[in-house]
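Asker: Take this structure, written in structure tokens, and hold onto it; I'll ask about it next.
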Amino acid sequence: MAEHAVAERLYYTSAELEFEATVTDVRLHSREGESQLWQVALDRTAFYPEGGGQPWDTGVLTATAKSGAVLECVVERVEEDDAGEVWHSVRKPLVAGTQVTGAVDAARRVDHEQQHSGQHLVSAMFLRELGPRTVSFHLSPLKTGVESSTIDLALREGMERLSEEDLLRVEEVVNRVVLEGRPLTAHWVEQEMAQQMMERGELRKIPDREGPLRIVQMQGIEFNACGGTHVADTGKIGAVLLRNVEKVKQGWRVEFLCGGRAVKAARRDYELLKQTAGLLTVGMKDVPGRVEALMEKSKTMAKELKKATVAARVGGV
């Protein structure tokens with residue numbers, strides 16, 4: 001393997017999703033029959049690797065030969081190894097020294113930024129309003145069939161559960177901050193400065209790693225040591241919908257959606273409610289009452305059927 005410098009991380013300093021780079025290394029990652037998966041390292045990249053709860057970027061690397069022939073390599077996955085090198089998984093091998101153009105899938109990146117920034121805000125507002133702190137975060141990649149993101153909360157002492165009223169309270173203040181359009185900015189600080197921020201209560205946690213730390217600041221809300229990508233301001237998170245809360249081993253799990261995911265979920269829920277109302281021949285707002293009436297009718301009929309069955313058996317003895 002050739003020796004080379006760790007890639008310049010363009011996603012830390014720029015919102016641009018297209019870039020020029022040079023291939024620094026290529027390695028065969030896996031082989032399945034005739035299919036091969038190669039990993040490509042670049043001297044600079046805008047592709048975000050999986051990490052910190054945020055999924056990897058996808059997109060395309062394009063190389064143009066002197067003859068004019070164009071080779072397009074779909075980037076299926078992006079990972080960072082223990083040495084800090086970023087590897088782009090593709091199905092076509094490239095040669096070290098090749099000049100390429102990279103293009104990150106914009107829709108996927110924006111979606112992940114909305115969910116990740118939304119998580120920062122949701123976690124901060126749960127802590128501020130009710131006291132529970134976030135102990136874990138999971139963001140499902142776009143188009144995997146799992147639309148929601150989740151956070152696990154450790155409740156403060158004396159707090160036994162999270163109620164629907166708690167969810168509505170936090171959801172309201174979260175969306176208020178979204179509308180305020182508070183800026184999100186990132187800067188690097190040395191470990192000593194990060195420790196001082198911890199002592200002042202500005203940081204809740206310092207990652208277990210060496211060297212400078214990247215601090216993401218949501219103006220007037222929080223400082224957070226985070227290496228992920230984020231929106232420029234809270235307005236770009238879009239609407240935030242807190243969907244559900246359930247008990248899990250380490251606390252309480254809150255399911256949420258942000259931005260485009262929240263809109264799509266609301267549209268789907270509306271269509272399902274509309275379809276159900278049509279089947280019941282009532283208005284949408286009358287669906288709960290109609291379902292309750294049908295359930296009561298079903299229970300009554302079941303009781304009457306049971307009585308009739310018992311009477312028939314007795315009569316036949």
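Asker: Per 0.36 nm of contour for each residue apart, how much would the distance between Lys92 and Glu246 grow if the chain were fully extended, relative to their Cα-Cα spacing?
Answerer: Gain on stretching Lys92 to Glu246: 51.0 nm.
Asker: Continuing with this model, one more query. Does region 94-249 come out rounded, prolate or oblate by the C-alpha gyration tensor, with a ≥ b ≥ c the root eigenvalues, rounded set by a/c under 1.5 and, if not, prolate when a/b is larger than b/c and oblate if not?
Answerer: oblate
Asker: If you don't mind, another one. At what distance in nm do the modelled label points of Gln217 and Glu164 sit from each other, each positioned 7 Å from its Cα along Cα→Cβ?
Answerer: Here the modelled spin labels are 4.1 nm apart.
Asker: Ok, one more. Between the helical axis of 106-129 and the dominant principal axis of the chain, each derived from Cα atoms, what acute angle in degrees is found, rounded to the nearest 10?
Answerer: Tilt of helix 106-129: around 60 degrees.
Asker: Treating the Cα atoms of region 7-59 as identical point scatterers in vacuum, please give the log10 of the normalised Debye intensity I(q)/I(0) at q = 0.12, 0.28, 0.31 Å⁻¹, two decimals.
Answerer: -0.34, -1.16, -1.22
Asker: Below 8 Å between Cα atoms, with a sequence gap of 6+, how large is the relative contact order for the chain in percent?
Answerer: Contact order relative to length: 14 percent.
Asker: What percent do you get for the relative contact order of region 129-189 when only Cα pairs under 8 Å and 6+ apart count?
Answerer: 28
Asker: If you project the alpha carbons of region 245-297 onto their three principal axes, what span does each projection cover, largest first, in Å?
Answerer: Taking max minus min along each principal axis of the Cα atoms, region 245-297 gives 42, 29, 13 Å.
Asker: Same structure again: Between Arg133, Arg161, Arg31, which gets the highest mean-square fluctuation from a Gaussian network model of the chain, Cα cutoff 10 Å?
Answerer: Arg31
Asker: Packing-wise, with mean Cβ within 10 Å as the measure, how do 211-219, 264-272 rank, highest first?
Answerer: Order by mean packing, descending: 211-219, 264-272.
Asker: Taking the Cβ-Cβ separation of Glu271 and Ala15 as r and a Förster radius of 45 Å, what is the calculated FRET efficiency to the nearest 0.05?
Answerer: Efficiency computed from Cβ-Cβ geometry: 0.85.
Asker: Still on this structure, please answer the following. Would you kindly give the portion of the calculated P(r) for region 153-219 that falls above 17 Å, as a percent of all Cα pairs?
Answerer: Of the Cα pairs, 62 percent sit more than 17 Å apart.
Asker: Express in nm, to one decimal, how much length is gained between Leu305 and Arg290 on full extension, taking 0.36 nm for each residue of separation and deducting their alpha carbon distance.
Answerer: Length gained between Leu305 and Arg290: 3.2 nm.
Asker: According to the Kirkwood expression over distinct Cα-Cα pairs, how big is the hydrodynamic radius of region 48-112, in Å?
Answerer: 12.9
Asker: Out of Gly289, Gly259, Gly97, any idea which swings most in a Gaussian network model of the chain, alpha carbons joined below 10 Å?
Answerer: Of Gly289, Gly259, Gly97, the Gaussian network model singles out Gly289 as fluctuating most.
Asker: Rounded to a whole number of µm²/s, how large is the Stokes-Einstein D of region 183-317 at 37 °C and 0.692 mPa s, given Rh as the Kirkwood radius over C-alpha pairs?
Answerer: 158
Asker: Now for a different question. Only Cα pairs under 8 Å and at least 6 apart count here; give the relative contact order of region 20-83 as a rounded whole percent.
Answerer: Relative contact order here is 24 percent.
Asker: Let me ask another. Computed from the coordinates I sent, Cα Rg over 2.2 N^0.38 Å equals one of [x] 0.98; [y] 1.33; [z] 0.94. Tell me the label.
Answerer: [y]
Asker: Using a 10 angstrom cutoff on alpha carbons, build the Gaussian network for the chain and name the most mobile of Ile206, Ile237, Ile221.
Answerer: Comparing Ile206, Ile237, Ile221 in the GNM, the peak value goes to Ile206.
Asker: Here's something else I'd like to know. Let me see the pair-distance distribution of region 127-175: every alpha carbon pair, 10 Å bin width, integer percents in order.
Answerer: It works out to 22, 46, 27, 5, in whole percents.
Asker: Here's another thing I want to ask about it. Between helix 259-280 and the chain, what is the angle of the helix's C-alpha long axis to the longest principal axis, kept within 0 to 90° and rounded to the nearest 10?
Answerer: Once rounded, the angle reads 20 degrees.
Asker: If you don't mind, there's one more thing I want to ask. By how many degrees, between 0 and 90 and to the nearest 10, does the Cα long axis of helix 287-316 differ from the longest principal axis of the chain?
Answerer: The helix 287-316 is inclined about 50 degrees to the chain.
The numbers here are math on the coordinates, done by the rules we state, and not lab data. Note that the structure is predicted; figures quoted are calculated from it, not measured. Don't worry about glycine lacking a Cβ; one is built from the backbone with ideal geometry, like all the others, and counts go over all protein chains shown.
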